[in-house]
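Since the structure comes first, as structure tokens, the remarks are kept for the end.
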Amino acid sequence: MVRYEEIFSERASNMKKSEIRELLKLIQQPDIISFAGGLPNPEAFPVEETRKIINNNLDEIGEKILQYGSTEGVNPLRKELAKMMNQRGIDVDYENILVTHGSQQALDLLSKVLLNPGDTIIVGSPTYLGATGAFRAFEADMETVKVREDGMDMNLLEKKLKQLKVKGKLPKFIYVVLTFQNPSGATMSAEKRRELLDIASKYDVLIVEDSPYSHLRYEGKARPHLMSMDNEDRVVRLETFSKILAPGFRIAWTTGPEELIEKMCIAKQATDLCTNPFGQYVAYKYLAEGIMDEHLEKIKKLYDKKRLTMLEAMEEHFPEGVEWNRPEGGMFVWAKLPMHINTRDMFKKAVDEKVAYVVGDAFFVGDDGYNTMRLNFTHSSEEEIKKGIKVLGEVIKKEIKETERKEGSPISP
Ligand code: PMP
Ligand code: G9A
């Protein structure tokens, strides 16, 4: 018998299961109301439009879409992506774009080409757990900087960089989600974005901006894209069709300096040869025929209603002592429960009552966030949101009461 544990690489021993991926399996029962995964609403999937694109174009492009494609991505799509980014103030050429199999692959490829075991990087606290999963797999030494309601704390970032410089451990990059962050929903102001670039420039560090949610703004004013403010080739930008079209396509794109994109492309050659051309052509048609803009308007309306429904229901059903943000976009509300509550302990009780969330501590690299939870508002129907939040409110109230009884003292804030 092969003793697998003895032959796994050190890298593999470092890997951790993704709480979200594992949770998705657990909560697949149809009667569970899930506020867990950051999933688009199936109602918003462009089934008809996709059918039309395929029917209308199969004769013309069938030969291309069923064949292998180039590793960089199919050029018509890359050109449309560059055009879309230019319209949003980001001055890029299609040759600076690499199409990947989801942004998750871009996180993996970036790590592959940038990180040696033990290299330092900086991530937010909290931050997207899929990213830390990718960085961990490449044995990165992750330093954290607190994320506040308006994003990463710039004073703490500068302090951290100063300390790391003294130790000779300046990070290879700073990983940020600046707009409607996963998990906290936090968005960074324009001034702070400038400050972030200035600090990164002072310490000569690359910034990886992961931006799957910037198209999903429901209120307030759009902030400038970090890449449009950068004139030092210091920003790599990750975007994806997962949240705005369909995650099943697994199509995303990375924009960055030519040298880095080229290296990622070589790494991708050894990973999967190319991203599926079929999906890339459909996505290209979405952009070229202007369907994407209409689709975005439709899903923004749909998700805004769900966001407001969730916030209203939380106001009505969550007890005193629970705090949460009011995100202007994206997919998540981030809630903080009284300090005595451990949302991991409470999770099973919530699932027993047929409602699920993501336990907040999964988004922290160290031990933190044990009293937090992430709630997704895009996947469930409005009815489910109302019902699920009411049930969750009851679960929280009960947990507060039980902890009070156990602790023998009232809950302190
Ligand atoms: N980055 C962030 C911040 C995300 O929230 C997600 C998806 N939840 C991803 C990357 C991965 O997305 P994709 O489906 O494009 O791989
Ligand atoms: O892992 C997935 O299915 C993508 C969702 C990510 C998230 O919930 O943050």
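The values are calculated or read from the model by the stated rules, or taken from the named source; none is laboratory data. Fair warning: this is a prediction, and the values are worked out from it, not measured in the lab. Please note: Cβ atoms are built from the backbone with ideal geometry, for glycine as well, and neighbour counts cover all protein chains shown. To get the accessible areas, we keep the full protein, side chains included, count just its heavy atoms, and leave off ligands, DNA and RNA. Shrake-Rupley method; radii C 1.70, N 1.55, O 1.52, S 1.80 Å.
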(request) Restricting to segment 67-291, compute how many DSSP beta bridges are antiparallel as a %, nearest 5. (result) 40
(message) Under 10 Å, Cα contacts only: if you run a Gaussian network model on the chain, which one of 169, 52, 348 comes out with the highest mean-square fluctuation?
(response) 52
(request) Rounded to whole Hz and in sequence order, give me ³J(HN,Hα) for segment 47-61 from the Karplus expression 6.51 cos²θ - 1.76 cosθ + 1.60, θ = phi - 60°, writing x for Gly and Pro. (result) 4, 4, 4, 5, 4, 4, 4, 5, 4, 6, 10, 4, 4, 6, 10
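In the chain, what percentage of the DSSP-assigned beta bridges are antiparallel, given to the nearest 5? Could the numbers behind the result be given before it?
Details: 21 of 39 bridges.
Around 55 percent antiparallel, to the nearest 5.
Which whole-number percent is the relative contact order of the chain (Cα, under 8 Å, 6+ apart)?
On the way: 712 pairs, mean separation 94.0, N = 413.
Over the chain, the number comes to 23 percent.
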(request) Give the ranking of 262, 139, 63, 404 by solvent-accessible surface, highest area first, calculated with a 1.4 Å probe. (result) 63, 262, 404, 139
(request) Run the 1.4 Å probe and let me know the accessible area of residue 11, rounded to the nearest 10 Å². (result) 110
(request) Rank 40, 224, 212 by mean-square fluctuation in a GNM of the chain with C-alpha springs under 10 angstrom and give only the top-ranked residue. (result) 224
(message) Heavy atoms only, 1.4 Å probe, whole protein assembly: order 340, 215 by accessible area, highest first.
(response) 340, 215
(request) Treating cross-link reach as a plain straight distance, find the aspartates and glutamates whose alpha-carbon is under 18 Å from the alpha-carbon of residue 306, omitting any fewer than eight places away in the same chain. (result) 43, 219, 297, 315, 316, 328, 382, 383, 384
(message) Run the reach check for residue 17 against lysines, Cα to Cα strictly under 26 Å, same-chain hits fewer than 8 apart removed. What comes back?
(response) 25, 112, 146, 172, 243, 268, 336, 348, 349, 354
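When the convex hull of the C-alpha atoms of segment 1-135 is computed, what volume per residue in Å³ does it have?
246
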(request) Evaluate the relative contact order of segment 67-291 (contact order divided by residue number), counting alpha-carbon pairs under 8 angstrom at least 6 apart; express in whole percent. (result) 29
(message) Could you compute how fast segment 67-291 diffuses translationally, taking Rh as the Kirkwood radius over C-alpha pairs and applying Stokes-Einstein at 20 °C with viscosity 1.002 mPa s? Give it in µm² per second.
(response) 121
(message) Using helices alone, I'd like the mean residue ellipticity at 222 nm for the chain: each DSSP H run of four-plus residues gives -39500 (n - 2.57), total over residue count, nearest 500.
(response) -14500 deg cm²/dmol
(message) I'd like the accessible area for residue 167: 1.4 Å probe, protein heavy atoms, all chains in place, Å² to the nearest 10.
(response) 140
(request) Quote the accessible area belonging to residue 249 in square angstrom, nearest 10, computed with a 1.4 Å probe and with ligands, DNA and RNA left uncounted. (result) 40
(request) Give, as ranges by residue number, the residues of segment 237-265 whose backbone N falls under 20 Å from the point 7 Å along Cα→Cβ of residue 68. (result) 262-265
(message) Just to be sure I understand: with springs between alpha-carbon atoms less than 10 Å apart, which residue in 356, 12, 252 has the highest mean-square fluctuation in the Gaussian network model of the chain?
(response) 12
(message) What is the distance in Å between the Cα centroid of segment 167-206 and that of segment 90-154?
(response) 11
(request) Compute the length gained on full extension between residue 316 and residue 203: take 0.36 nm times their separation in residues and subtract their Cα-Cα distance, giving the result in nm to one decimal. (result) 36.0 nm
(message) Just to make sure I understand: if all protein chains stay in place, what is the order of 8, 363 by accessible area at 1.4 Å, largest first?
(response) 8, 363
